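The values are calculated or read from the model by the stated rules, or taken from the named source; none is laboratory data. The structure presented is a predicted model; accordingly, all values stated were derived computationally and were not measured. Methodologically, a virtual Cβ is constructed for each residue, glycine included, from the backbone with ideal geometry; neighbour enumeration extends over all protein chains shown.
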Amino acid sequence: MSPTVTAGTLSVFEGELFYQKIGVGQPVVVLHGGPGLDHTYLRPWFEPLTDTHQVVFYDQRGLGGSRARLNMSSISMSRYLTDLDRIRERVAQRERIIVLTHSWGAIPALLYALQVPNRVEALILVSPVEPGSRFSSLTSDRQAARRTPADQRALDSLRASPQFRARDRETINKMFFHVFRGTFANPDVADSLFAVNLQARTVEEGQEVARLLMTPLEGLDFWDELDQLAVPVLIVHGESDPIPVEMVEMLHETLPESKLALLNNTGHFPFIENRVEFFGAVRQFLSELNP
């Protein structure tokens, strides 16, 4: 039997958020990566969690099904954190929520938990990016080393094309595919299972959303605050992810109540590449929250 799906929009400052609730039970709110992507690349892979929980997907403001004015008063980290709290209050309808993130989604999730820890039941950080820049050079080097010559040629060709400059949807989706293909431990898995199908607004406005959001955040580093975060955290990370294992090990050591699940032969998308171990780790963590 298919899980119950509820979709809607939520009015927020200078825009609205599109959300989908799937399944029943304790809500797990999903924060997609980026900045400048939408929830579509995550939804089919995280749906197994609806066996035991209600999974709440939403598009961050200005992306996918979520509208926002493209200015710095609307596209800001402060608004992103307020949006997450509105999703908690109006969509999940809980005093405390579990937040599951992928990649860059770890940044707003950690900042939200630092700001209002009493509203966070737990965090699940999947392939998290760094909350600072201590490992930025190593990360960049590993990303470059993992990209195949064929992927680099494809990226160069796509980025030089008039279709890319015109933000053609098929071209932008192909570009992201080749960017992400090198983050898999086995690129053949990406070829057979992975697809990028970003929504029209994301394709057209995602680059500007990312610029508006990230320009004021240049140099953001909150490593030194993380030892204050007293909520349960699960970190799930592939050992072949270009984001260094050394970084997530430091993250684990810094967060007082964290657990770390390192997955062998797995890259940046463990929920695609190593589903059995990924969901095993997540389900065990969730079960331990409510024994």
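Brief remarks follow.
- Residue in the stretch 191-199 that is closer than 17 Å to Leu37 by Cβ and either assigned to a helix (DSSP H, G or I) or among the aromatic types (Phe, Trp, Tyr) (or both) present: yes
- All positions within the stretch 263-291 that are within 24 Å of His39 (Cα to Cα) and outside any helix (DSSP H, G or I): Leu263, Thr266, Gly267, His268, Phe269, Asn274
- Residue satisfying all of: in the stretch 232-248; in contact with a helix residue (DSSP H, G or I) (Cβ under 8 Å, 6 or more places away or on another chain) and surrounded by fewer than 20 Cβ atoms within 10 Å (Cβ to Cβ); farthest from Ser76 (Cα to Cα) among these: Glu239
- Residues located in the stretch 188-216, provided they are within 28 Å of Lys259 (Cα to Cα) and surrounded by fewer than 20 Cβ atoms within 10 Å (Cβ to Cβ): Val189, Phe194
- Only one entry in Glu89, Glu14 is at pLDDT below 95 and farther than 19 Å from Val126 by Cα, namely Glu14.
- Annotation note: of Thr183, Thr139, the sole residue that is part of a helix (DSSP H, G or I), among the hydroxyl-bearing types (Ser, Thr, Tyr) and surrounded by 14 or more Cβ atoms within 10 Å (Cβ to Cβ) is Thr139.
- Which listed residue is modelled with pLDDT of 95 or more and either touching a Cys at 6+ places or on another chain (Cβ under 9 Å) or part of a strand (DSSP E or B) (or both), from Leu260, Leu212: Leu260
- Cβ separations smaller than 8 Å between residues 6+ apart or across chains give the following pairs from the stretch 218-229 residues that are in contact (Cβ under 8 Å) with a residue 24 or more places away in the chain and surrounded by fewer than 14 Cβ atoms within 10 Å (Cβ to Cβ) to residues that are assigned to a loop (DSSP other than H, G, I, E, B) and of a type in the set (S, T, N, Q): Gly219/Ser133; Asp221/Ser133.
- Residue among Leu70, Leu110, Leu84 that alone is touching an Asp or Glu at 6+ places or on another chain (Cβ under 6 Å) and in contact (Cβ under 8 Å) with a residue 12 or more places away in the chain: Leu70
- Every residue from the stretch 197-252 that is under 18 Å from Arg69 (Cβ atoms) and of a type in the set (D, E, K, R): Arg201, Glu204, Glu205, Glu208, Arg211
- Matching entry among Glu95, Glu130 (being under 13 Å from the mean Cα position of the chain (by Cα) and outside any helix (DSSP H, G or I)): Glu130
- The selection criterion, being touching a residue at least 24 places away in the same chain (Cβ under 8 Å), under 15 Å from Val99 (Cβ atoms) and either surrounded by fewer than 19 Cβ atoms within 10 Å (Cβ to Cβ) or more than 20 Å from the chain's Cα centre (by Cα) (or both), does not hold for Gln60.
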